[in-house]
Each structure stands twice: as C-alpha cells, then as structure tokens.
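> My structure is below; once you've seen it, I'll send some questions.
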Number of protein chains: 2
Amino acid sequence: MGPLPRTLELFYDVLSPYSWLCFEVLCRYQKIWNIKLQLQPTLIAGIMKDSGNKPPALLPRKGQYLKSELSLLKHHFQVPIKFPKDFFSVIIDKGSLSAMRFLTAVNMETPEMLEKVSRELWMRVWSRDEDISEPQSILAAAEKAGLSAEQAQGLLGMISTAEVKKKLMEVTEVACKYGAFGLPVTVAHVDDQTHMLFGSDRMELLAYLLGEKWMGPVPPALNARL
Amino acid sequence: MGPLPRTLELFYDVLSPYSWLCFEVLCRYQKIWNIKLQLQPTLIAGIMKDSGNKPPALLPRKGQYLKSELSLLKHHFQVPIKFPKDFFSVIIDKGSLSAMRFLTAVNMETPEMLEKVSRELWMRVWSRDEDISEPQSILAAAEKAGLSAEQAQGLLGMISTAEVKKKLMEVTEVACKYGAFGLPVTVAHVDDQTHMLFGSDRMELLAYLLGEKWMGPVPPALNARL
C-alpha cells in the first residue's frame with residue numbers, strides 16, 4: 001500500500017473562467033497524482049463582498065488583457081473558452097446564484113455527478129455564450145451531464161430550500177477563512193500543513209508542494225494511466 | 001545558421017517581487033531558448049496611475065496572501081525573496097523613482113551591466129530589507145554589481161537629467177501602450193505577432209507561444225548549455 005492520498009479542495013464558481021482552467025487541470029491530475037480532489041461549489045459574489053475585492057475585468061485595461069490572454073490559454077490548456085459577447089450582463093448583472101445553489105444541491109445529493117454538471121454549466125456560459133441563470137438553462141446543463149429529467153427537476157426544487165442556501169453560504173465562508181479574495185482557490189492539505197493557492201496558474205507550485213511531477217496543463221501521461 | 005532569435009522585452013520595476021521572479025526566469029532561459037532578451041526598466045507607479053490600478057497588497061487579504069505565497073515561490077523559483085518588515089513604508093511611500101532612473105541611466109550608458117545592477121537592487125529591497133531610495137544605497141548596489149565607484153557616481157549624476165527622466169517616462173508609456181496595468185510585463189515578438197503577457201506565472205504560456213520547452217522556473221538544462 002502506497003502513502004495515503006493528499007486532500008485537495010477546489011473552491012470554484014462557474015462564473016470564473018480561471019476556475020474552469022484550474023478545475024480541468026485538477027480533474028486531469030487526480031488520475032495521475034496521489035490526491036483526493038474535493039470540489040467545493042462557492043459563490044464568487046460572496047467572496048468579493050467579504051474581501052472587499054472587485055472583479056478584475058471592471059478595470060478596463062485588465063478586462064482587455066483577460067480577454068486576449070484567455071484566447072491564448074484556451075489553446076494551451078485545451079479548454080474551449082470563449083469570452084461572452086455581453087460580459088457585463090452575463091457576469092456582473094446575471095451572476096451565478098441559482099447555478100451555484102444547483103451545484104450545491106448536486107454535491108449534497110449526487111456528488112459523483114458534480115464534475116460533469118459543473119463542466120456543462122461552464123460549457124454554456126464560458127464556451128457557447130448561453131444563459132445559466134434561468135431554470136431551463138440549468139436543467140439543460142444537468143441533463144446534458146447525464147442526469148435524468150426527474151433528477152434534475154428534483155435538484156432544481158432544492159435550490160430554494162434553507163438547507164442548500166445555508167450550505168453554499170457555509171462553503172463560501174470556509175473559502176474566506178482560508179483567505180480567499182477571488183476564485184479559484186485550491187487548498188492543499190500536505191502532511192500537517194495547509195496551503196491556500198489562488199488562481200489557475202499555481203498548479204506547478206502545487207506539484208512542487210505535493211512532491212509530484214508537473215507535466216503542463218495537458219499531462220501527456222494521462223492516457224498511460226487510464 | 002538556425003532561425004533568428006525572437007525578441008522578448010521585459011518591463012520591470014525593482015519594487016515588484018513578481019518582476020524579480022520573472023526576470024530571473026528569463027535570464028536563465030535566455031541561455032537555453034532562441035531568444036534575445038531586452039530588459040526595460042519601467043516605473044510601476046506610472047503604470048498604476050495611467051491604468052487606474054492599485055497595488056494588490058493594499059487589499060488586506062491580498063497582501064496577506066502575497067506574503068505567504070512569496071514564501072513558497074522563493075523556494076520553487078530559487079530566488080531569495082523576503083518580505084520587507086515595513087512594506088508600506090518601503091513599497092508605497094518610498095517607491096523606486098531614483099532606483100529606476102538609475103537603471104535607465106545604466107541601460108543608456110552601460111547596458112551590459114543592467115542585469116547585474118537590477119539584481120543587486122532587488123537583493124537590497126526584496127531580500128535584505130535594505131533601502132533603495134537614498135543615493136548611498138543605489139551606489140552600494142551598483143558597486144556590488146561590479147561598477148567602479150567613478151562609474152556609479154557618474155550614472156547617479158545622470159538621474160536628474162532631462163534625458164534620463166524622459167527615457168524612463170517613455171519606456172513606461174510604451175508598456176502602457178502594450179496594455180500594462182501592473183508589472184512584470186513580457187512582450188514577445190513571435191513571427192509577425194506581438195503577445196503581451198502579465199505576471200511571472202505566464203512563462204509556461206510564453207514557452208508554448210515560442211514553441212520552446214518549459215522546464216520549470218529552474219531549468220535543469222541550464223548547466224548543460226553554459
């Protein structure tokens with residue numbers, strides 16, 4: 001028996017494209033590194049409010065840079081990101097409250113589906129420029145991920161319950177306690193230490209902390225181990 | 001004869017610890033990749049003013065994160081960074097105007113010394129928590145880098161000339177035109193395209209754009225090629 005896997009927590013929101021990059025990298029490496037990945041749906045609006053931070057794209061020059069950088073990173077990470085046409089309406093005005101409550105319900109009821117449903121929500125908002133705020137949009141993502149219409153409806157019914165609302169708030173507060181001022185946040189529990197890493201660009205540092213090998217955002221060894 | 005080297009411009013300020021990380025990585029890879037590195041001393045205060053951005057450490061939770069992250073990155077990058085005790089006095093109040101004017105003068109008069117003098121200024125402010133705003137501090141760094149006392153004095157005399165002031169302003173304006181909202185900024189001229197990359201964590205993406213191999217912040221091939 002080898003050493004026990006180290007636990008990694010990924011705090012993310014589907015509104016955040018860098019969360020998507022980080023999510024895909026960690027989903028790939030969980031099959032290669034000796035880690036146990038815990039996906040933690042979090043509300044980015046709550047993190048911003050609590051930390052006093054602002055979405056980076058609100059500064060015009062940063063917004064312009066993010067757009068051009070993501071068009072390079074999509075190739076490098078092999079994640080089909082496309083900037084939404086009306087960024088402010090989609091990201092700032094509509095937000096992700098219902099979508100993240102839905103993912104919270106998925107995590108509570110059928111956690112084995114959380115990865116797929118999260119990815120389908122990202123595919124909608126950050127790849128095909130489709131809505132994720134309306135009930136029909138969320139149901140469509142859930143069914144595309146492989147949930148039955150009944151399951152999806154049941155989970156959607158849960159998003160207005162106190163239990164789900166509370167759980168999403170609690171996870172967001174945990175991220176804040178780790179020091180989050182944005183997302184993604186990866187929390188690595190290595191030996192007796194806890195390291196909080198911000199952003200999708202700290203995965204090589206994470207490998208260093210874990211004593212694992214970094215092989216870029218698309219690890220070539222992925223197929224060999226599957 | 002192989003293909004012509006691609007030109008990389010590195011816009012940096014010695015007040016910025018992430019600029020130091022980026023600088024060391026590019027200095028290492030310039031001996032390995034087919035690139036020509038142009039060091040561009042820039043004034044970060046000018047970039048912040050022009051873009052409307054604020055130093056990240058002014059947000060308390062970001063400041064705390066930067067401090068803990070840099071203590072990990074120093075090992076990973078093998079760059080001896082140490083957070084100054086009185087960050088606000090050193091970084092926000094004192095700033096880097098004289099130091100960056102001095103590096104501008106070095107770049108104009110004796111560019112082959114720019115790498116070493118820049119490194120010695122970083123060693124003072126971001127490793128040994130020493131001043132870089134007083135004339136004596138700048139002279140000490142210059143002499144440690146290998147300039148004679150006479151050369152250092154001559155260059156120090158230049159920092160109040162219109163020519164040096166104008167040059168630093170011009171370089172800062174060029175960085176702004178590339179879209180800078182902070183430092184470091186790396187501008188890669190590849191084929192007929194110009195890519196602006198922000199931060200010390202885009203070096204793997206840079207390798208991807210250059211078609212070169214990324215071997216981490218401390219490339220093991222460094223010794224082999226020297």
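> Using each residue's phi in the range B:100-109, evaluate 6.51 cos²θ - 1.76 cosθ + 1.60 at θ = phi - 60° and report the 3J(HN,Hα) Karplus result to the nearest Hz, with x for Gly and Pro.
Values per residue, Gly and Pro as x: 6, 5, 5, 5, 5, 5, 4, 5, 6, 9 Hz.
> Students often forget the sequence filter, so: which lysines lie under 25 Å Cα-Cα from B:LYS82 once same-chain residues fewer than 8 apart are removed?
Leaving aside lysines fewer than 8 places away in the same chain, those within reach of B:LYS82 are A:LYS177, B:LYS54, B:LYS62, B:LYS67, B:LYS74, B:LYS94, B:LYS116, B:LYS144.
> Continuing with this model, one more query. Roughly how much accessible area, to the nearest 100 Å², goes out of reach of solvent when A and B pair up, both sides summed, probe 1.4 Å?
Approximately 2800 Å², summed over both chains.
> Next question. In the range A:11-59, which residues become less accessible by 10 Å² or more once every protein chain is in place, relative to the chain on its own, using a 1.4 Å probe?
A:ASP50, A:SER51, A:GLY52, A:ASN53, A:LEU59
> How many Cβ atoms of partner chains, on average, are near each residue of B:196-205 if near means within 10 Å of its Cβ?
That average works out to 5.
> List the relative contact order of chain A as a percent without decimals, with contacts defined as Cα pairs under 8 Å and 6+ residues apart.
31 percent
> Another one. Taking the label point 7 Å from Cα in the Cβ direction, how far apart in nm is A:ILE32 from each other copy of itself, listed shortest first?
Ordered by increasing distance: 1.7 nm.
> Taking a ≥ b ≥ c as the square roots of the Cα gyration tensor eigenvalues, with a/c under 1.5 meaning rounded and otherwise prolate when a/b beats b/c, else oblate, which class fits the range B:1-90?
Note, shape of the range B:1-90 comes out oblate.
> Report the calculated FRET efficiency for B:ALA149 and B:ASP129 (r = Cβ-Cβ distance, R0 = 22 Å), to the nearest 0.05.
Efficiency for this residue pair is about 0.35.
> Long-range amide H contacts for B:LYS36: which residues qualify at under 5 Å (H placed 1.01 Å from N, peptide plane, sequence gap of 5 or more or a different chain)?
Answer set, sorted by chain and number: B:ARG6, B:THR7, B:LEU8.
> Report the dimensions of the protein assembly as shown along its three principal axes from the alpha-carbon atoms, largest first, rounded to Å.
Extents along the principal axes: 82, 47, 43 Å.
> Here's something else I'd like to know. How many nm is it between the label spots at A:THR110 and B:ALA162, if each spot is 7 Å from the Cα in line with the beta carbon?
According to this spin-label approximation, the distance is 7.5 nm.
> Could you derive backbone 3J(HN,Hα) for the range B:130-135 from the dihedral phi with the Karplus parameters 6.51, -1.76 and 1.60 (θ = phi - 60°), listing whole Hz in sequence and x where the residue is Gly or Pro?
Whole-Hz 3J(HN,Hα) from phi for the range B:130-135: 10, 5, 10, 9, 8, x.
> I'd like the carbon and sulfur percentage of the solvent accessible area for chain B, probe radius 1.4 Å, heavy atoms only, ligands and nucleic acids excluded.
So the carbon and sulfur contribution to the accessible surface is 53 percent.
> To continue, here is another question. Calculate the spin-label point distance for A:PHE88 paired with B:PHE88, positioning each point 7 Å from the Cα along the beta-carbon direction, and give it in nanometres.
With each label placed 7 Å out from Cα toward Cβ, I get 3.3 nm.
> Continuing with the same structure: Which Rg and Dmax, in Å, describe the Cα atoms of the range B:82-226?
Just the Cα atoms of the range B:82-226 yield Rg and Dmax of 17.1, 45 Å.
> What does the average come to when, for each residue of peptide B:68-76, you count the partner chain Cβ atoms lying within 10 Å of its Cβ?
Counting other chains' Cβ atoms within 10 Å and averaging over B:68-76 gives 3.
> May I ask you to evaluate 6.51 cos²θ - 1.76 cosθ + 1.60, the Karplus curve with θ = phi - 60°, for each residue of the range A:195-202 and list the ³J(HN,Hα) values in order in whole Hz, giving x for glycine and proline?
10, 9, 10, 9, x, 7, 9, 10
> Still on this structure, I have one more. How far apart, in nm, are the 7 Å Cα→Cβ label points at B:GLN136 and A:GLN30?
The two pseudo-label positions are separated by 5.9 nm.
> Would you mind working out the accessible area per residue for chain A, using a 1.4 Å probe, and quoting it in Å²?
Value for chain A: 45 Å² per residue.
The values are calculated or read from the model by the stated rules, or taken from the named source; none is laboratory data. Keep in mind that this is a model prediction, so the values were computed, not measured. When we count neighbours, we look across all protein chains shown, and the Cβ atoms used for this are built from the backbone with ideal geometry, even at glycine. Each accessible area value is taken on the protein alone, full model and side chains, heavy atoms only, with ligands, DNA and RNA left out. Shrake-Rupley method; radii C 1.70, N 1.55, O 1.52, S 1.80 Å.
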